[in-house]
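Working notes, beginning with the structure itself.
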Amino acid sequence: MTEERVEHNDEAQHLETNEEHQKLDAPLENDENPDIYEKSEEKLSCLHGFLSLRRLFYLVGYTVGTYPFAYLLVALLISINSLGMYKMVLKDRIRDGYTPTNAPSRYETDVLREYYNISGDPAMTIMILMPKNGTSMHNKQNLDEAEQLSKFFFSNFTVMRDGRSMKFQDLCEPYCSINKVFELYKEAYDEQYEKFIQAQPFSSSTNLSYPLAKMNGFDIHLERSFFGVQMNENNTQMKADKNVPAHQVITNMKHVEVIVFIFRGDRHSEEREKDLSKWELAAYEWSLNEHQSDYVEVQIVGTDVLDNEMMKDGRRLTPFFAAGFGFEITFVTVCVLLTAVYHQCLDRGKILISLGAVLCPILAITSTYGIVSWLGMRTNSFMLVMPFLVMGIGVDSCFLMIHSWQSVRSHGCSTGDRLGMVYELVGPSITITSLTDFLSFAIGALAPTPETRLFCIASFIALALTYILQLVLFGPILAIATRYEHKKSSANTSKWRNGLKHFWKRTIRTYCNILANKFFFLIVVVGTLVYWYFAIYGLATMKTRLDAVKILPKDSPLQRPNLVLTNLVWANYHPVTIIVNSPVDLTNRDQMKRVWDMVHDFETLHNCKGSESTLLWLRDYIKFYYYGEPFDLFAYIGWTEPEKNPDIDPYLANITTSKIPEFLVSPFYQHWSSFIHFHYENNETLKIDRFMMNVAYDNTSSWDTRIQLMTEWREIAKNFSDLNVTVWEPNGMFVDQMLSLGKTATQTGLWTLACMAVVCAIFIPNPCSVITATVSIASITTGVMGFLSLWSFDLDPVVMAAVLMSIGLSVDFIAHVAYHFQLAHKKEMRNGKVKKIPLKGATERLEHTLGAVAWPMLQAGVSTICCILPLLFRASYSPSVFVAAIFLVVSLGMLHGLLILPTFLAALPESVTTANCYRIFLSSSSERSCRYVARSDSVTSIEMQKCETNNSLLHSQS
């Protein structure tokens, strides 16, 4: 069965055999000494035989069997790479790791860095404060505790790193005043509260209304700190009453669900990045384990916290991997022992073989982690799922070697000869399947998303090492196990063995007769069309979404704050930063009209909160330019009513830059200093180089809304290219992930499928088989994606990695079926000689095909399922995606390999399914070949006899 599985390597060597024919059939050029020429041709033909692919594997196997411990030393040297695991760095990059390297958001982030003159990404830790006991966050007790927590984390919370202490006030530049809005609000609130307690009238210069409060004449945007706000009736402050809480009288807010503080710092160096990460993780642990309060609940969210939770979840896979290893070794051991019983060669060496079969992928996995660590690459949570993949498919080739080794049993030949035959039979075959497996991940390693690239690189290395270790580790183990075999085996075959053998043959014959039936072909066609309908429908309806709720472990403490951010914070206030990078001349009416048109376009988009929520220094500067300071001392002390100045149309404002220095030092407007970049020309005239503004939006919880807004923002920026406008949005990289996933998945999938087709074309000489194999692989991949969608999986980086894996794995179920069916002959050993037997008719070729591949295919599928079975009990997103994908690949792969593809091939004309391009276009005896040489029948007969004689001598000598 296994010998037939690799017959295609004989046909794949037609080109090499034809080289021998060409050399033997060529006319003699040395007329003076033809004998010398003929001897030279015989030597070259003999040498060429040794250099062929199959003979090369024979030589490798022979040396493995003769010197097993030398190859074990090679395996040991490879496995030493496992020591690099001590340098392993477990880290995810949720924020930008799944964003393509060429995404627009990366450029936008670079522009923001340049604007702030920083070299790294800003680290942003979000602190969410929620009330307990059904109270409101803006009552006096909760506000007091919120203020204490803000000051504590900013000035007093100390973290130790490398023997030194650090506080956030040492790490916050240039964002140390980012929570100034709350500080101003709390200060004004306390003043009003004292007046309320003392039954005094409130200050007329202060109005703590949401969303825009006025304090001493200037505006403060409360919507940047207060979320989940319910307003009083008529949206006004309530009258003082002993039955009305103070916070509903002081403000127009009836209830506040959340107050948000942001702690932001610049990662301008590797050390600063480590400091900020250490501080964030320490603050997160403090909020979980040490904070105790009867009033306020604290939740902390940040990218480092999110990465840490992802890695924690990955580390929890360790016991599941151990369980998968247990299932795998049990299954392999049972298969090896049962096969040994069937072949009447049971001994203690079979236990060694079972362990060796599983040891190869395990050492490949540990060596991969070591190599990745030696190369300075980090290990992400994707790569922690990789062992299940490698274990699942790494044992398949060992099954082929074991079966061949037990079939080619020793009858007086040496261990070297026996291993040489095993390698010659299965070496090319496992090379084909291994090549297709790690080639799919090699293509995936070219993906533009860093996290997916890391996963594919690790999988590529692991699968390549698995293949190498199967040759240099498992082969020597087979050689050592040979020493434990009984010298003689019983010549008698029991009835149950004969009965099992005949039962298998009858089953295959009956099944093939069914497949070749025309009526059954129509049933399969209808079933395939139904399958394609659901697969394509699922693929067409698959949504592109990266949802942190799914990615996070279900029991993660971050689930709740993530829901708060999604459903409250982003639903109420979603800011976008707009940077105008070109110099602006305030006296240039045409240019200023373009500026105000741009502002208008951003503020009139759907979901925009309006101009009152926009942070734009120009509006305040116009007021300052015309009216000066907003502070009125007499109004402040209550002697007069505050004067209300009329609004000025910005399009008609006639301003210059002359008052900007005064504007930026004013206590009411100095917060605008970070929004303007300017320089002095000739030390006199102030010139604006660039400026920044913020526009707020709401109801942006849906990813579809964010994607639509991001597209419209960029379109507006493009329309105002003369102003060199750049839009930066905090979640821009996540949005770009969504925008690029579909395109990246399609391109990567098509490239991978094309490479799979090329590999099949190299090793399968029949065009019909190549086409049907490629269509089958595409059908399996479409089915995997479509049914994942129908099972409520969205297109995200995890699913994309699973699809790449699906394309590679599906080849194992298709390539051998497609190849074996196109063979016109089969080989059998009779009386010590290899005989070629013609295969006549579709049914006979089906019997030969399924007899060769059905049992190994079932073993491979079951072993893969056994390895991933424990992941069913791990309720996490990434493992569940891979379990679902592998289950679909195995199920659909066996469905195509054992039912759909054989049925379609049997229905095609025999002349199409048995055509051999190598014979037609590369053989020197074919008139259509570019290598054709005309010759007489007598010469052909003589030279063919020489070739056969040389090959026989070569085989007997080896």
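The figures follow:
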{"quantity": "Selected residue (criterion: nearest to the chain's Cα centre (by Cα)) from residues of the stretch 218-232 that are within 24 Å of Phe663 (Cβ to Cβ), part of a strand (DSSP E or B) and not charged (D, E, K, R)", "calculated": "His221"}
{"quantity": "Test: residue in the stretch 513-533 that is surrounded by 13 or more Cβ atoms within 10 Å (Cβ to Cβ) and over 27 Å from Gly783 (Cβ atoms)", "calculated": "yes"}
{"quantity": "Unmet criterion (only one of (1) closer than 18 Å to Ser806 by Cβ; (2) assigned to a helix (DSSP H, G or I)) for Phe793", "calculated": "(2)"}
{"quantity": "Ser702 vs. criteria of a type outside the set (Phe, Trp, Tyr) and over 24 Å from the mean Cα position of the chain (by Cα)", "calculated": "no"}
{"quantity": "Identity of the residue in the stretch 105-157, surrounded by 15 or more Cβ atoms within 10 Å (Cβ to Cβ) and small (Gly, Ala, Ser), that ends up modelled with the lowest pLDDT", "calculated": "Gly120"}
{"quantity": "Check on Arg594, part of a helix (DSSP H, G or I) and either at pLDDT 90 or above or more than 31 Å from the chain's Cα centre (by Cα) (or both)", "calculated": "yes"}
{"quantity": "Any hit, the stretch 789-798, residues being within 16 Å of the chain's Cα centre (by Cα), outside the structural domain of Thr431 (by TED's automatic domain parsing), touching a residue at least 40 places away in the same chain (Cβ under 8 Å) and more than 30 Å from Thr705 (Cα to Cα)", "calculated": "no"}
{"quantity": "Per-region count, the stretch 258-285, residues in contact (Cβ under 8 Å) with a residue 40 or more places away in the chain, assigned to a helix (DSSP H, G or I) and surrounded by 19 or more Cβ atoms within 10 Å (Cβ to Cβ)", "calculated": "6"}
{"quantity": "Residue selected from the stretch 286-328 under the condition over 19 Å from the mean Cα position of the chain (by Cα) and part of a loop (DSSP other than H, G, I, E, B), by the criterion nearest to Gly861 (Cα to Cα)", "calculated": "Arg316"}
{"quantity": "Unique residue being farther than 25 Å from Trp286 by Cα and touching a strand residue (DSSP E or B) at 6+ places or on another chain (Cβ under 9 Å) when the list is Tyr175, Tyr98, Tyr189", "calculated": "Tyr189"}
{"quantity": "Answer residue from the stretch 154-172, given it is in a helix (DSSP H, G or I) and touching a Lys or Arg at 6+ places or on another chain (Cβ under 9 Å) and is nearest to Phe261 (Cα to Cα) among those", "calculated": "Phe154"}
{"quantity": "Residue among Ser354, Ser373, Ser414, Ser381 that alone is touching a helix residue (DSSP H, G or I) at 6+ places or on another chain (Cβ under 6 Å), at pLDDT below 80 and either more than 23 Å from Gly861 (Cα to Cα) or among the polar types (S, T, N, Q) (or both)", "calculated": "Ser381"}
{"quantity": "Residues (within 19 Å of Asn572 (Cβ to Cβ), part of a helix (DSSP H, G or I) and touching a Phe, Trp or Tyr at 6+ places or on another chain (Cβ under 7 Å)) located in the stretch 690-738", "calculated": "Leu709"}
{"quantity": "Subset tally (residues that are surrounded by fewer than 14 Cβ atoms within 10 Å (Cβ to Cβ), modelled with pLDDT under 90 and on the phi < 0 side of the Ramachandran plot) for the stretch 681-736", "calculated": "5"}
{"quantity": "Complete set of residues in the stretch 179-210 that are under 16 Å from His671 (Cβ atoms) and part of a loop (DSSP other than H, G, I, E, B)", "calculated": "Asn179"}
{"quantity": "Scope the stretch 92-104; condition out of contact with any helix residue (DSSP H, G or I) (no Cβ under 6 Å at 6 or more places or on another chain) and surrounded by 15 or more Cβ atoms within 10 Å (Cβ to Cβ); matching residues", "calculated": "Arg93, Pro104"}
{"quantity": "Any hit, the stretch 366-373, residues being small (Gly, Ala, Ser), crowded, with 23+ Cβ neighbours inside 10 Å, in contact with a Gly (Cβ under 7 Å, 6 or more places away or on another chain) and in a helix (DSSP H, G or I)", "calculated": "no"}
{"quantity": "Number of positions in the stretch 243-257 that are part of a strand (DSSP E or B) and aliphatic (A, V, I, L, M)", "calculated": "2"}
{"quantity": "Residue satisfying condition, being modelled with pLDDT of 85 or more and surrounded by fewer than 22 Cβ atoms within 10 Å (Cβ to Cβ), within set Ile461, Ile468", "calculated": "Ile468"}
{"quantity": "Trp405 over 31 Å from the mean Cα position of the chain (by Cα) and either polar (S, T, N, Q) or farther than 22 Å from Ala322 by Cα (or both)", "calculated": "yes"}
{"quantity": "Hits in the stretch 286-329 - residues which are of a type in the set (A, V, I, L, M, F, W, C) and free of Cβ contacts under 8 Å to residues at least 60 places away in the same chain", "calculated": "Ala322, Ile329"}
{"quantity": "Some residue of the stretch 641-664 being modelled with pLDDT under 85, surrounded by 16 or more Cβ atoms within 10 Å (Cβ to Cβ) and in a helix (DSSP H, G or I)", "calculated": "no"}
{"quantity": "The stretch 866-919, subset in contact (Cβ under 8 Å) with a residue 60 or more places away in the chain and not in a helix (DSSP H, G or I), residue surrounded by the fewest Cβ atoms within 10 Å (Cβ to Cβ)", "calculated": "Ala875"}
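To keep it simple, each residue is scored yes or no on (1) not in a helix (DSSP H, G or I); (2) not assigned by TED's automatic domain parsing to the domain that holds Val775; (3) not small (Gly, Ala, Ser).
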residue	(1), (2), (3)
Leu500	no, yes, yes
Ile514	no, no, yes
Leu522	no, no, yes
Gly527	no, no, no
Ile536	no, no, yes
Pro553	yes, yes, yes
Asn562	no, yes, yes
Asn567	no, yes, yes
Ile579	yes, yes, yes
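Each row is one residue, and each column tells you yes or no for (1) under 36 Å from the mean Cα position of the chain (by Cα); (2) small (Gly, Ala, Ser); (3) modelled with pLDDT under 80.
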position: Lys840; (1), (2), (3): no, no, yes
position: Thr843; (1), (2), (3): no, no, no
position: Leu846; (1), (2), (3): no, no, no
position: Ser876; (1), (2), (3): yes, yes, yes
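The values are calculated or read from the model by the stated rules, or taken from the named source; none is laboratory data. Predicted model, so just to flag it, every value in this text is computed and none were measured. Methodologically, a virtual Cβ is constructed for each residue, glycine included, from the backbone with ideal geometry; neighbour enumeration extends over all protein chains shown.
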